[in-house]
1. To the nearest µm²/s, what D does Stokes-Einstein give for the stretch 1-68 at 25 °C and 0.890 mPa s, using the Kirkwood radius over alpha carbon pairs as Rh?
2. For Ile69, Ile77, give me the order by solvent-accessible area with a 1.4 Å probe, most accessible first, ignoring ligands, DNA and RNA.
3. Along its three principal axes, how long is the stretch 69-121 when you only count alpha carbons? Whole Å, largest extent first please.
4. For the chain, which cysteines have no second Cys with its Cβ under 4.7 Å from theirs?
5. Through the Karplus equation 6.51 cos²θ - 1.76 cosθ + 1.60, θ set to phi - 60°, convert the phi angles of the stretch 63-74 into ³J(HN,Hα) values in whole Hz; use x for Gly and Pro.
6. Going by accessible area, probe 1.4 Å, with all protein chains left in place, what is the ranking of Leu98, Leu31, largest first?
7. Given the Cα-Cα distance of Ser108 and Glu88 and 0.36 nm per residue of separation, how much length would full extension add, in nm?
8. Once label points are set 7 Å from the Cα along Cα→Cβ at both Asn58 and Lys43, what is their separation, rounded to one decimal in nm?
Amino acid sequence: QVQLVESGGGLVQPGGSLRLSCAASGSISSLYQMGWYRQAPGKQRELVARITSGGSPNYADSVKGRFTISPYNVGNIVYLQMNSLKPEDTAVYYCNALLTRWGDREASDCWGQGTQVTVSS
């Protein structure tokens, strides 16, 4: 079994910062990519940022220059540093991993339980 455990969400004022963390554990054979998605009320889940095992990041246009995703090579933990937060960043943030479980031949997606980020004065 594989688990993604997130932490770091909360309430912050516009212009503030938060750091989210996500730790992947369990029967992981290969971890190809980790990332963060978010879903605001009434909207579809969207990609925020992701990073490959080789360290190549990819960001949504809406967060470029404000958010930074870290490599996850140490301990299978990925961080999302969020600066200059805006009210429109308010959403539930979900950690995602593309991985192969021990005994499986194909890669599959795994999701965390989600953590709420609220940006409001």
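The values are calculated or read from the model by the stated rules, or taken from the named source; none is laboratory data. Predicted, not measured: the structure shown is a model, and the values here were computed from it. We place every Cβ from the backbone using ideal geometry, glycine too, and count neighbours over all the protein chains shown. These area figures cover heavy atoms from the full protein model, side chains too; ligands, DNA and RNA do not enter into them. Shrake-Rupley method; radii C 1.70, N 1.55, O 1.52, S 1.80 Å.
1. Translational D for this selection: 177 µm²/s.
2. Ile77, Ile69
3. 49, 21, 12
4. Isolated Cys, the chain: Cys110.
5. With coefficients 6.51, -1.76 and 1.60, one gets 10, 4, x, 10, 10, 9, 9, 9, x, 10, 4, 8 Hz.
6. Highest to lowest solvent-accessible surface, that is Leu98, Leu31.
7. 4.2 nm
8. Between Asn58 and Lys43, the label points sit 2.0 nm apart.
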